[in-house]
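For reference, the structure is listed below as structure tokens.
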Amino acid sequence: MTLPSGTQPQRARSGTFLQIQLTPEEPQVVRLDLAIEQEFRLIVLKSYPDIADNVHDPSPHIGASLDDFRLRDWYQLNYRETLRDHEMGWGIDSSGSAYFVTQIRCKLQEKGREVEAWSLADLITNLDCTIEAAHRLWSYLNYPGEAHVLAELRVEPLPLLERAGGFQVGYSSCFYEKASPRRRAKVLTTDKLTRAVKHGARGFAAVDLTYATRHSDRPEAVAILANQLLRDLGYSANLNDLRSLFS
């Protein structure tokens, strides 16, 4: 996600991230104001699991906050969580485009030592949530048309997060772990993904959205994006298996 010059935050950028840009095929004339800002904030809180609960959690140990920043033609939300040192960001501009960026690196304790990995389940959930958020925004702006999605994923040398569940091992979630009414991606078992001996560090993906694929058929668009990103990293999966993660 390329932010306008002068936007916040000024902290050092993580070397591992997922960024998504969603652009209406027909650029809109959006006069950003307080009403649109408030609506976009509600859309973000409704579209992503855990975010609203974390921000409104009365216990201070999580340390979650959702702050905003604005320019004439730009509005941005920044989510920060102290406990897991995690950041996410969303933006909208005056052409009706929507943006999302998140850290990918997960830090976990395993057998008394810290392990770093990235989560396939979180990646797929974020792709789905971001398309949903853009659809809600465009519905609010009365835009029923098509759109384009561009995604970039950088994992550097991080391995995929694997966890055992019963008799199976799968690529589980790291960030979206708590129970939530908002659906999230199911766990893809390790036998469903062919792994490269040495995986890549960077992946790109693109897909066109119709009204149907952004409203009621998001698993199709999400599967296409996830498949492209995985293939760029050297992994191979069946599209039907990726589609089924939201069945």
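Here are the numbers for this structure:
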{"item": "Which listed residue, of 226, 196, is at negative phi and under 17 Å from the mean Cα position of the chain (by Cα)", "result": "226"}
{"item": "Where a residue in the stretch 231-246 is under 20 Å from residue 184 (Cβ atoms) and its partner, wherever it lies, is part of a loop (DSSP other than H, G, I, E, B) and basic (Lys, Arg), with Cβ under 7 Å and at least six apart", "result": "245/186; 246/183"}
{"item": "Residue match in the stretch 162-172 (condition: within 20 Å of residue 17 (Cα to Cα) and hydroxyl-bearing (Ser, Thr, Tyr))", "result": "yes"}
{"item": "Residue in the stretch 164-181 that is surrounded by fewer than 16 Cβ atoms within 10 Å (Cβ to Cβ), of a type in the set (Lys, Arg), at pLDDT below 90 and within 18 Å of the chain's Cα centre (by Cα) present", "result": "yes"}
{"item": "Extreme residue, farthest from residue 236 (Cα to Cα), among residues of the stretch 144-158 that are of a type in the set (Asp, Glu) and at pLDDT 95 or above", "result": "146"}
{"item": "Pairs, first within 30 Å of residue 24 (Cα to Cα) in the stretch 194-207, second of a type in the set (D, E, K, R) and part of a loop (DSSP other than H, G, I, E, B), C-beta under 8 Å, six or more apart", "result": "201/156"}
{"item": "The lone exception for residue 196 - which of (1) at pLDDT 95 or above; (2) not in a helix (DSSP H, G or I) it fails", "result": "(1)"}
{"item": "Subset of the stretch 126-154 (residues that are closer than 17 Å to residue 104 by Cα and in contact with a helix residue (DSSP H, G or I) (Cβ under 9 Å, 6 or more places away or on another chain))", "result": "127, 128, 129, 130, 151, 152, 153"}
{"item": "Among (1) more than 21 Å from residue 17 (Cβ to Cβ); (2) surrounded by fewer than 18 Cβ atoms within 10 Å (Cβ to Cβ), the one test that residue 147 misses", "result": "(2)"}
{"item": "Residue selected from the stretch 203-230 under the condition touching an Asp or Glu at 6+ places or on another chain (Cβ under 6 Å) and within 19 Å of residue 122 (Cα to Cα), by the criterion surrounded by the fewest Cβ atoms within 10 Å (Cβ to Cβ)", "result": "204"}
{"item": "Odd one out for residue 49, checked against (1) within 17 Å of the chain's Cα centre (by Cα); (2) part of a loop (DSSP other than H, G, I, E, B); (3) over 24 Å from residue 149 (Cα atoms)", "result": "(3)"}
{"item": "Pair list, Cβ < 6 Å and 6+ apart or interchain, from the stretch 62-86 residues that are closer than 16 Å to residue 40 by Cα to residues that are modelled with pLDDT under 90 and not in a loop (DSSP other than H, G, I, E, B)", "result": "66/55"}
{"item": "Those strands (runs of 3 or more DSSP E) lying entirely in the stretch 93-185 with at least 1 residues within 25 Å of residue 244 (Cα to Cα) and among the hydroxyl-bearing types (Ser, Thr, Tyr)", "result": "98-103, 168-171"}
{"item": "From the options 108, 161, 141, 127, residue that is in contact with a Ser or Thr (Cβ under 9 Å, 6 or more places away or on another chain) and either at pLDDT 95 or above or surrounded by fewer than 21 Cβ atoms within 10 Å (Cβ to Cβ) (or both)", "result": "161"}
{"item": "Every residue from the stretch 66-103 that is more than 15 Å from the chain's Cα centre (by Cα) and farther than 30 Å from residue 28 by Cα", "result": "81, 82, 83, 84, 85"}
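Condition check ((1) touching a strand residue (DSSP E or B) at 6+ places or on another chain (Cβ under 7 Å); (2) at pLDDT below 80; (3) assigned to a loop (DSSP other than H, G, I, E, B)) across all residues:
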{"site": "10", "(1), (2), (3)": "no, yes, yes"}
{"site": "26", "(1), (2), (3)": "no, no, yes"}
{"site": "41", "(1), (2), (3)": "yes, no, no"}
{"site": "45", "(1), (2), (3)": "no, no, no"}
{"site": "58", "(1), (2), (3)": "no, yes, yes"}
{"site": "61", "(1), (2), (3)": "no, yes, yes"}
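The values are calculated or read from the model by the stated rules, or taken from the named source; none is laboratory data. The shown structure was predicted, so the numbers you read here are calculated from the model rather than taken from an experiment. Virtual Cβ from ideal backbone geometry, glycine too; neighbours counted across all protein chains shown.
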